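Asks: What follows is a single structure, and I will ask about it in a moment.
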Amino acid sequence: DFKAAVDRLLPGLRGGAGEAAPAAEEERPTVPPERAAQLLERVITIYAKGFAEVPEGRAYLERRGISDAGLFTKYRVGYCNGRLAELLPKGNDVRNELRELGVFLDAHSTSSGLKGHERFTGCVVFPVQDADGNLTTLYGRFTGESQKRHVFLPDRSTGLWNASAMKTYPDLILVEAVIDALSVMMAGQPNVLAIQGTNGLNDAELAILREHGVHTLTLLLDGDAAGQTAAERLKEKVSSSFSCRVLTLPGGHDPNSFLVEHGPQKLAEFITTNLAAGSEKKLPEVRANGGDERTPPVLSTGKIFALA
């Protein structure tokens, strides 16, 4: 109201000269973690249904050389067509909760021109989970022309994609992006993590890798100058705790561009030949007591937001 506005804008007015009235703290609603996980699980399921029904997402990945339907199912790949609001129940606050979680752009997100729309509209969407399967964030990759190609939920860690691999493989291949990781999987190497950019892999994540018994890291970052500079920097950072080596794709390629140009067989040959040259054993080596990489169950999307 007017009185509160005066107190906030002119703090000295009521208290006298030099005495500032206390500024009211703006309360921002928060969604409890369990509720957030419940809502985001439903969003993931709806996006996975969209990927199956709308051709744009699958067509985009196939253009990038990623065509294994088993990977799509295992990693619950989704596609956001911007129609999530149509599935929301009327008369409750689910939309506000999803706005708080960042699925919907809030009233302050005006720079994109998409106020009130879904953050991931036009994106292939990938759930990012920690090693124990707990959701870390959602990652979206725009399928069309956009200056901002990579999208994450706000105020969350970007995490490591395919983090469960650290529970199974003592030797891991690290790449920059999810699309690169899927490319390496297309070449027959499941022991791959996407570190979500050249600034990924913080100290906490390195500690988790050590806790799970990982001992060798192979850096397969972009083959251009920036990627190789990042690889050397990251190698220096991790070499005190892990055996580390750097693989450089020819021609400045990243794993996905190499896959698109040369195909999965050539990428497989490059990886296995270079890994074997630096080790007596060919990767991946699976622990006898390794983790269980089961494909998650397919959930029904009927009345997906009909929450009690």
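Asks: Provide the per residue accessible area, probe 1.4 Å, for region 223-277, rounded to a whole number of square angstrom.
Replies: In whole numbers, region 223-277 has 50 Å² accessible per residue.
Asks: Using a Förster radius of 30 Å, what is the FRET efficiency between Gln265 and Ala37 based on their Cβ-Cβ separation? Nearest 0.05, please.
Replies: The calculated FRET efficiency here is 0.15.
Asks: Could you compute how much accessible surface His215 exposes when probed at 1.4 Å, giving the result in Å² to the nearest 10?
Replies: About 90 Å², rounded to the nearest 10.
Asks: Order 192-200, 248-256 from most to least packed using the mean count of other Cβ atoms within 10 Å.
Replies: Order by mean packing, descending: 192-200, 248-256.
Asks: Let me ask something else. List every residue whose amide H lies under 5 Å from the amide H of Asp254, counting only residues 5 or more places away in sequence or on a different chain, with H placed 1.01 Å from N in the peptide plane.
Replies: Gly223
Asks: In nm, what is the difference between 0.36 nm times the number of residues separating Thr272 and Ala225 and their Cα-Cα distance?
Replies: Length gained, Thr272 through Ala225: 14.6 nm.
Asks: Using a ≥ b ≥ c from the Cα gyration tensor of region 209-264 (square roots of the eigenvalues), is it rounded, prolate or oblate, where a/c under 1.5 gives rounded and otherwise the larger of a/b and b/c decides, a/b for prolate?
Replies: In terms of gyration-tensor shape, oblate.
Asks: Across 5 Å bins from 0, what is the distribution of all Cα-Cα pair distances for region 174-234, in whole percents?
Replies: Per 5 Å bin, starting at zero, the Cα-Cα P(r) for region 174-234 comes out as 4, 18, 27, 25, 20, 5, 0 percent.
Asks: If you don't mind, there's one more thing I want to ask. Which of the three applies to region 126-272, rounded, prolate or oblate, going by the alpha-carbon gyration tensor with a ≥ b ≥ c and a/c under 1.5 meaning rounded?
Replies: Note, shape of region 126-272 comes out rounded.
Asks: What's the local net charge at Gly140, with K and R +1, D and E -1, over the other residues with C-beta under 14 Å away?
Replies: Here the charged neighbours net out to +4.
Asks: Longer than 25 Å from Cα to Cα, which of Lys74/Lys235; Lys167/Lys237; Lys74/Lys237; Lys74/Lys167 are they? Say none if no pair is.
Replies: Violating the 25 Å limit, Cα to Cα: Lys74/Lys235; Lys74/Lys237.
The values are calculated or read from the model by the stated rules, or taken from the named source; none is laboratory data. Keep in mind that what you see is a predicted model, and the values were worked out from it rather than measured. All Cβ positions, even for glycine, are placed from backbone atoms using ideal geometry, and neighbour counts span all protein chains on display. Accessible surface areas use protein heavy atoms only, side chains included; no ligands, DNA or RNA. Shrake-Rupley method; radii C 1.70, N 1.55, O 1.52, S 1.80 Å.
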